[in-house]
Structure formats: structure tokens, C-alpha cells
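Asker: One structure is given below, represented as C-alpha cells, and several questions about it will come after.
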Amino acid sequence: MKIIMTPGKAFKAFLLLISITAILSGCGSKATNEDPVRRYELKGRVESVDLSRNKVRVNHEDIKGYMDAMIMDFTVRDEATLRDLKAGDQITGILVYDSRTNLTGLRMSKSNQWQSRPGKVIT
Ligand SMILES: [Cu+2]
């Protein structure tokens, strides 16, 4: 019995090869070029702290390229940082957006340049 490569079979093999190449190159570019974690500088004032939920409610300034000024809750994973915060603190930090929105590298700001603005509450 001979195995004959008919034009139809050859074409199917060719298509299969093309799709495997496409999948592999797709994975490759995703791993090297796309960073799913995004970081933004954040500046604002602490409204309240919820230790049981690891949340801090911040009245924040515009976050360039991400969102307008508003009052909203952020997750702070580091409990020690969260315990240091209290309502009225001026803070700066890095907002890390991965699967959830987290706030890291929080620092107290001594500057009084930041002005409170009315915002909507987003939880
Ligand atoms: Cu916001």
C-alpha cells in the first residue's frame, strides 16, 4: 500500500502548519511585548480606611491616561501600610492595575498643593 499525498491532503497539511505557526508566534509576542500589569502615579487624600477589607477610600486627582478625579476604594495589600493611614492624610502612591486595582508604595505627602474636589463615590 502506498501513501499518496493528494493535492487535497497537501493543502490540509499546509493549513495545519500555518495555524500552528500563528499560535506559536501569537504566544511569543504576548509574552514579550504585552505587560498585563499597568502602573499609574496617584495623588490624593485619604477619606477612610477599612482594615477588615484591606481598603482605603481615596479622593484622588486625575490619573493621567486612566481615570478622572473621584472618590473611590483601593485595595492595599500591605497591612502595615494600611494601618499607617488615617482620614485626611495626603498621599502619593503607585496604582498597580493587574486583575484587581491595588495601591502600593504609598507615601505621605507634605505638600498642601492638592485641593479637594467633589467626586462621586465608587466602591
Ligand atoms: Cu478613581
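Asker: Would you confirm, using the coordinates I've provided, whether residue 73 is of a type outside the set (A, V, I, L, M) and either more than 14 Å from the ligand (Cβ to nearest atom) or free of Cβ contacts under 8 Å to residues at least 24 places away in the same chain (or both)? Give the steps one after another, and end with the answer.
Answerer: Details: of a type outside the set (A, V, I, L, M): yes; either more than 14 Å from the ligand (Cβ to nearest atom) or free of Cβ contacts under 8 Å to residues at least 24 places away in the same chain (or both): no.
It is false that residue 73 is of a type outside the set (A, V, I, L, M) and either more than 14 Å from the ligand (Cβ to nearest atom) or free of Cβ contacts under 8 Å to residues at least 24 places away in the same chain (or both).
Asker: Hey, another quick one. In region 76-96, which residues are within 20 Å of the chain's Cα centre (by Cα) and touching a residue at least 40 places away in the same chain (Cβ under 8 Å)?
Answerer: Across region 76-96, the qualifying residues are 91, 92, 93, 94, 95, 96.
Asker: Scan region 45-61 for residues that are within 9 Å of the ligand (Cβ to nearest atom) and not β-branched (Val, Ile, Thr) and report the count.
Answerer: We begin by selecting, within region 45-61, every residue within 9 Å of the ligand (Cβ to nearest atom); these are 58, 60.
Remaining after also requiring not β-branched (Val, Ile, Thr): 60.
Here the count works out to 1.
Asker: Would you pick out the residues in region 76-99 that are more than 13 Å from the ligand (Cβ to nearest atom), surrounded by fewer than 16 Cβ atoms within 10 Å (Cβ to Cβ) and at pLDDT 75 or above? Explain how you work it out, then say what you get.
Answerer: Quick first cut of region 76-99, residues more than 13 Å from the ligand (Cβ to nearest atom) only: 76-92, 94, 96, 98-99.
Keeping just the survivors that are surrounded by fewer than 16 Cβ atoms within 10 Å (Cβ to Cβ) gives 77-80, 83-84, 86-88, 94, 98-99.
Result: 77, 78, 79, 80, 83, 84, 86, 87, 88, 94, 98.
The values are calculated or read from the model by the stated rules, or taken from the named source; none is laboratory data. As the structure is a prediction and not an experimental result, all values here were calculated from the model. Heads up, the Cβs are rebuilt from the backbone with ideal geometry, glycines too, and the neighbour counts pull from every protein chain shown.
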